[in-house]
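Peer 1: There's a structure below that I have some questions on.
Quick note: the coordinates plus some simple rules give every number you see, no bench work behind them. Remember, predicted model here, so these are calculated numbers, not experimental data. Cβ placement follows ideal geometry from the backbone for every residue including glycine, while neighbour counts extend to all protein chains displayed.
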Amino acid sequence: MTAAYIITGASRGLGAALFTALAAPERQLVGIAREGLPAEVVQQAQEKGAITEQIAADLSTASGVQTVAAALHELAIKPRRRCYLIHNAGTLDPMAFAGQWDDPTWVARSIALNVSAPMQLTDAFLRATVGIPDRRLLFISSGAAHHPYPGWSVYGASKAALDQFARTVALEQIMVQEGARVCALAPGVIDTDMQKQIRAADSEQFPQRERFISLKQDGRLQSPAEAAHRVAAWLHHAAFGEMAVLDLRDIMLSTASALE
Ligand SMILES: NC(=O)c1ccc[n+]([C@@H]2O[C@H](COP(=O)([O-])OP(=O)(O)OC[C@H]3O[C@@H](n4cnc5c(N)ncnc54)[C@H](OP(=O)(O)O)[C@@H]3O)[C@@H](O)[C@H]2O)c1
């Protein structure tokens, strides 16, 4: 029986690194992004023996979410011992002070991608995977859920919403038979396109820009591969789901061996 891993935002950054880090024989990987996945990401996963599938879907739209929800249903029809969904796709937009947002559609699109899509796909996943003994839901959150960064009001609020959603669904899943394990995990700072976007931001709209430029210059960003290795180790850990909201940096401090 193959295990299934579904990863949103798997075309680049942390999601692409997770796609290849999780690849192994007897595993089916499903990667989602607006235009599908680059050939090299798929090839790397296949070379490690994984069965791969990709879905082109814009998760900021209702039709994109519906496409992925239908795919989750199809995926779960096969008998499986394990089915894991990683909600990774996300956006920082609008990176600007409230009162100065240029595009009136920004907020709705960001909330749709960062909050509504993970919520709706969680519902679809929990319905589709009833009876699979090991089901896990991982939400990629952010330290911005707890610390307010001027310029990131929508992003921080969206990640705080995800955290509270994860806490609540985790409690619900304890109350149902063969409930899923749930965790919202802040991954730390990773050297991806999102960090490039932060370093290119207007300092007036994101006053902490210099701090992020220094993190890059001082070599203090995790590579996507390092972060993916740690996230994947936690996803498979026996303690996954015991705490519904966690920061990868705290896990590294308290139980470094857990991530080896
Ligand atoms: N990088 C960091 O330092 C950092 C820190 C804390 C938390 N995080 C979180 O980690 C996650 C991954 O971040 P990252 O840095 O890897 O970001 P990234 O490099 O910007 O990649 C974002 C991914 O999301 C996908 N995506 C964007 N809009 C989408 C849409 N409308 N529909 C479907 N997919 C979409 C992108 O694919 P396409 O553009 O190809 O569609 C891409 O694969 C995010 O949730 C982010 O908030 C990152």
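Peer 1: So how many residues does region 97-114 have that are under 24 Å from LEU185 (Cα atoms) and more than 11 Å from the ligand (Cβ to nearest atom)?
Peer 2: Within region 97-114, residues that are under 24 Å from LEU185 (Cα atoms) and more than 11 Å from the ligand (Cβ to nearest atom) number 3.
Peer 1: Of all residues being more than 17 Å from ALA57 (Cα to Cα) and outside any loop (DSSP other than H, G, I, E, B) in region 14-25, which is nearest to the ligand (Cβ to nearest atom)? Just the residue, please.
Peer 2: LEU14
Peer 1: What are the pairs, 6+ residues apart or on separate chains, where a residue within region 23-49 that is in contact (Cβ under 8 Å) with a residue 40 or more places away in the chain has its Cβ under 8 Å from a residue that is small (Gly, Ala, Ser) and assigned to a helix (DSSP H, G or I)?
Peer 2: Going by the 8 Å Cβ cut-off, the qualifying pairs are VAL30/ALA71; ALA33/GLY15.
Let's see how each residue does on (1) surrounded by fewer than 19 Cβ atoms within 10 Å (Cβ to Cβ); (2) under 14 Å from the mean Cα position of the chain (by Cα); (3) under 24 Å from ASP247 (Cα atoms):
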| residue | (1), (2), (3) |
| --- | --- |
| LEU113 | no, yes, yes |
| PRO118 | no, yes, yes |
| LEU121 | no, yes, yes |
| VAL130 | yes, no, no |
| PHE139 | no, yes, yes |
| TRP152 | no, no, yes |
| SER158 | no, yes, yes |
| GLN177 | yes, no, no |
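Peer 1: Take the residues of region 46-69 that are within 17 Å of PRO118 (Cβ to Cβ) and of a type in the set (A, V, I, L, M, F, W, C): which is surrounded by the fewest Cβ atoms within 10 Å (Cβ to Cβ)?
Peer 2: By that ranking, first place goes to ALA62.
Peer 1: For GLY188, only one of the following conditions fails: (1) within 16 Å of the ligand (Cβ to nearest atom); (2) among the small types (Gly, Ala, Ser); (3) out of contact with any helix residue (DSSP H, G or I) (no Cβ under 7 Å at 6 or more places or on another chain). What is its number?
Peer 2: Unmet for GLY188, out of (1) within 16 Å of the ligand (Cβ to nearest atom); (2) among the small types (Gly, Ala, Ser); (3) out of contact with any helix residue (DSSP H, G or I) (no Cβ under 7 Å at 6 or more places or on another chain): (3).
Peer 1: Using the structure shown, decide if GLY9 is over 21 Å from ALA233 (Cα atoms) and within 9 Å of the ligand (Cβ to nearest atom).
Peer 2: No.
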